[in-house]
1. Toward the positive end of the charge dipole of the stretch 50-163, about the Cα centre and with charges on Cβ (Lys, Arg +1; Asp, Glu -1), which of 107, 151, 136 goes farthest?
2. Roughly how big is the chain's charge dipole about its Cα centre, with Cβ charges of +1 (Lys, Arg) and -1 (Asp, Glu), in debye to the nearest 20?
3. Sorted by packing (mean other beta-carbon atoms within 10 Å per residue), highest first, where do 181-190, 196-205, 78-87 land?
4. So if we plug the beta-carbon distance of residue 87 and residue 203 into 1/(1 + (r/R0)^6) with R0 = 25 Å, what FRET efficiency do we get, rounded to 0.05?
5. Using modelled amide H (1.01 Å from N, peptide plane; none on Pro or chain starts), what sits under 5 Å from the amide H of residue 103, excluding residues fewer than 5 places away?
6. Quick one: P(r) of the stretch 1-126 from all Cα-Cα pairs, 5 Å bins, percents rounded to integers, in order of increasing distance.
7. Tell me which lysines have Cα within less than 18 Å of residue 13's Cα, excluding those fewer than 8 residues away on the same chain?
8. Report which label in (1) 53, 37, 34; (2) 55, 38, 29; (3) 60, 45, 33 holds the value of Cα extents along the principal axes in Å derived from the coordinates of this structure.
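None of the figures in this text is laboratory data; all of them are computed from the coordinates on show. Everything numeric in this text was worked out from a predicted model, so none of it was measured. Heads up, the Cβs are rebuilt from the backbone with ideal geometry, glycines too, and the neighbour counts pull from every protein chain shown.
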Amino acid sequence: MTLLLDRAINALKWPVGIVAFMLLPAVAPLFFHQVRLLLSPQYVGLWIGLSAYIVLHQAIFRRRFFGSWLPTLEHELTHALFAWMTLHTVGGLRLTWSKGGEIKVYGGRSNWLIVIAPYFFPTVPLAALALHAVWPRVFAGQFDVIMGVCLGFHLIATFKETRFEQPDLKKVGYLFSILLLPTANALGLAWVLSAVTEEPRFWQNVVVEAEGVFQYIGNLIGRLE
């Protein structure tokens with residue numbers, strides 16, 4: 001079963017990349033809409049948390065003595081999450097203080113989704129959302145501040161990890177990464193922000209915007225014929 005799933009995912013690699021690139025004009029406005037909603041004074045706590053994390057990162061977390069173990073742990077756990085989701089077995093987590101880490105994925109042939117997931121999937125913000133949904137008292141009125149911290153962590157970690165010399169990006173291919181990652185990041189962040197703003201029709205809006213893009217492309221092709 002794992003091998004068949006890997007083959008299916010790998011067969012869809014380039015169709016997914018091309019469709020993702022085509023959907024960027026649909027997803028980007030939804031992301032910026034969520035950002036505009038967060039400019040309301042009621043979300044000031046999120047901006048405080050985000051700003052606080054950026055300041056702490058510049059002052060402490062980016063320093064050599066602190067290492068890079070925490071972003072590395074989150075990175076490897078995201079690989080593991082997508083490995084489990086695609087029916088693989090995970091083992092052999094290796095984590096260093098400042099020189100990266102590695103996990104071993106067993107079963108099947110692996111797939112591009114496992115490899116590229118840490119470069120777009122907002123693991124920490126979504127974990128905070130899940131924790132808040134299950135145990136709302138855990139955050140005790142400080143949900144926006146904590147989400148701001150989580151978003152700051154995710155944004156900085158993703159920005160620092162997404163570089164040309166990154167072996168994962170070499171493995172899936174630079175062209176594919178360029179096609180997929182802008183849309184995937186915008187969609188993932190918009191999804192998280194829609195949960196903060198309690199946008200009830202987020203995914204419906206995604207579908208509507210996507211339909212508009214494909215209709216425009218279809219009309220454009222029709223004019224060329």
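1. 107
2. Dipole size: approximately 640 debye.
3. 181-190, 78-87, 196-205
4. Working from the Cβ atoms, E equals 0.50.
5. 94
6. Percent of pairs per bin, in order: 2, 9, 13, 15, 16, 15, 14, 11, 5, 1, 0.
7. 170, 171
8. Read-out from the structure maps to (3).
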